[in-house]
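**Q** The structure's right below; bear with me while I get my questions together.
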Amino acid sequence: MFGRLLGNVSHRVPSCLNQVLLTMKPQVVFVLGGPGAGKGTQCSKIVESYNYTHLSAGDLLRAERAREGSESGQLIDNFIKEGKIVPVEITINLLRKAIDETMQKDEKKFRFLIDGFPRNEDNLQGWTRVMDDKADVKFVLFFDCGNEVCINRCLERGKSSGRTDDNRESLEKRIQTYLQSTRPIIELYEKHGKVRTIDASRCVDEVFADVKAILDKEG
Ligand code: ADP
Ligand code: C5P
Ligand code: MG
């Protein structure tokens, strides 16, 4: 849709308007960190104060798992319980649809926090293939938090979350996936100077103060 929009009009509008249209390209901040690092919590707070739409890849996958008639429900269920990363064909379609629908409803909503993505090489390749020319990735917000703190937060969350993966067995697998598959992606972005690291082991408000400082400067 973005390509079509620009493709149709860009050759016959004055350059200043052209510029405005170009800035409507989705502006994306990837939000990464271990399970329980506080990504969702901080994204909710960002949305309260900044003009961002929060898209959690995990939430989108859980919704797809629950959707009647979904062909991917069983696969998603198995991957989530095992702490494994769902093949990107599924996830990227959900993300693209959510971005499209948000911008179709309100064209001013072009800033997105994409939480829990890209989590591995396959995720990154899928993004590059499908979204590279359609969206700009501004930077990665990395919530850095020790594994033990992450596990304990998820176990606490598990008392009420109803999530099938907030138990010790799944969490150990999720931490392994995070260390083996997600950390290298963060390091890759780091090499390009695109990572903003926040010490996420502190209390919610202290973490958010750092988030605000980053977004006020470059968000
Ligand atoms: P993630 O999305 O990274 O998995 P969440 O935002 O869902 O993490 O947080 C995991 C759990 O930890 C939730 O129960 C949340 O209320 C709690 N939590 C989040 N941030 C903090 C924090 N800074 N200190 C203590 N608990 C937190
Ligand atoms: O981010 P969240 O904790 O909600 O993710 C829960 C699970 O959803 C992950 O452990 C993984 O199984 C799945 N997921 C995925 N690909 C993503 C994000 C989440 O497969 N990009
Ligand atoms: Mg989350």
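**Q** Provide the descending list of Cα extents for the stretch 89-180 along its principal axes, expressed in whole angstroms.
**A** Largest first, the stretch 89-180 extends 41, 28, 24 Å along its Cα principal axes.
**Q** Considering the chain as a Gaussian network with a 10 Å cut-off on Cα pairs, which listed residue, Asp199, Asp136, Asp106, attains the greatest mean-square fluctuation?
**A** Greatest mean-square fluctuation among the candidates belongs to Asp106.
**Q** Now a separate question. With equal scatterers on the alpha carbons only and no solvent term, can you work out the Debye log10 of I(q)/I(0) for the stretch 126-184 at 0.15, 0.16 1/Å?
**A** -0.63, -0.68
**Q** For Ser56, which sequence-distant residues (separation of 5 or more, or a different chain) have an amide H within less than 5 Å of its own amide H, given hydrogens modelled in the peptide plane?
**A** For Ser56, whose amide H was placed from the backbone, the distant partners under 5 Å are Asp115.
**Q** In the calculated pair distance distribution of the stretch 165-219, what percentage of Cα-Cα distances lie above 18 Å?
**A** Percent of Cα pairs beyond 18 Å in the stretch 165-219: 55.
**Q** Let me cross-check Met103: its accessible surface, 1.4 Å probe, with only protein heavy atoms counted, in Å² to the nearest 10?
**A** It works out to around 10 Å².
**Q** At a 1.4 Å probe radius, which order do Val88, Val204 fall into by accessible area, largest first?
**A** Val204, Val88
**Q** Another question about this same structure. Rounded to the nearest 0.05, what FRET efficiency do Gln180 and Asp136 give with R0 = 30 Å and r taken as the Cβ-Cβ distance? Could you check?
**A** 0.55
**Q** Report the full-extension gain for the segment Lys191 to Ser49: residue separation times 0.36 nm, less the Cα-Cα distance, to one decimal in nm.
**A** That pair, Lys191 and Ser49, stretches by 48.1 nm at full extension.
**Q** Using the 2.2 N^0.38 Å rule of thumb for compact globular proteins, work out how the chain stacks up: its C-alpha Rg over that value, please.
**A** So the chain has a normalised radius of gyration of 1.05.
**Q** Evaluate the distance, in nm, between pseudo-label points positioned 7 Å from the Cα of Glu218 and of Val204 along their respective Cα→Cβ axes.
**A** 2.7
**Q** Which longest run of the chain has no exposed loop site in it, a site being GluC sites (Glu not before Pro) in a DSSP loop with at most 12 other beta carbons within 10 Å, and the site itself not part of the run?
**A** Here the longest run is 108-219.
**Q** For Ser201, Ser56, write out the residues from largest to smallest accessible area, computed with a 1.4 angstrom probe and no ligands counted.
**A** Ser201, Ser56
**Q** Can you run phi through the Karplus equation (6.51, -1.76, 1.60; θ = phi - 60°) for the stretch 189-194 and list ³J(HN,Hα) in whole Hz, with x for Gly and Pro?
**A** 5, 4, 4, 9, x, 10
**Q** Bin width 10 Å, alpha-carbon pairs only: give the P(r) of the stretch 72-127 as whole percents, running from 0 to the bin holding the largest distance.
**A** Taking every Cα pair in the stretch 72-127, the percentages come to 22, 46, 26, 6.
**Q** Evaluate the charge dipole of the chain about its Cα centre and quote only its size in Debye, nearest 20, assuming +1 on the Cβ of each Lys and Arg and -1 on the Cβ of each Asp and Glu. Write out the running numbers ahead of the final one.
**A** Working: 34 positive and 33 negative charges, 85 e Å.
That gives the chain a dipole magnitude of about 400 debye.
**Q** What lysines sit close enough to Lys212 to cross-link, taking a C-alpha to C-alpha distance under 29 Å and skipping anything fewer than 8 places away on the same chain?
**A** Within reach: Lys25, Lys39, Lys45, Lys97, Lys105, Lys108, Lys109, Lys134, Lys138, Lys191, Lys194.
The values are calculated or read from the model by the stated rules, or taken from the named source; none is laboratory data. In this text, all values refer to a predicted model and were calculated from it rather than measured experimentally. With ideal geometry, Cβ positions are generated from the backbone for all residues, glycine too; neighbour counts draw on all protein chains shown. To get the accessible areas, we keep the full protein, side chains included, count just its heavy atoms, and leave off ligands, DNA and RNA. Shrake-Rupley method; radii C 1.70, N 1.55, O 1.52, S 1.80 Å.
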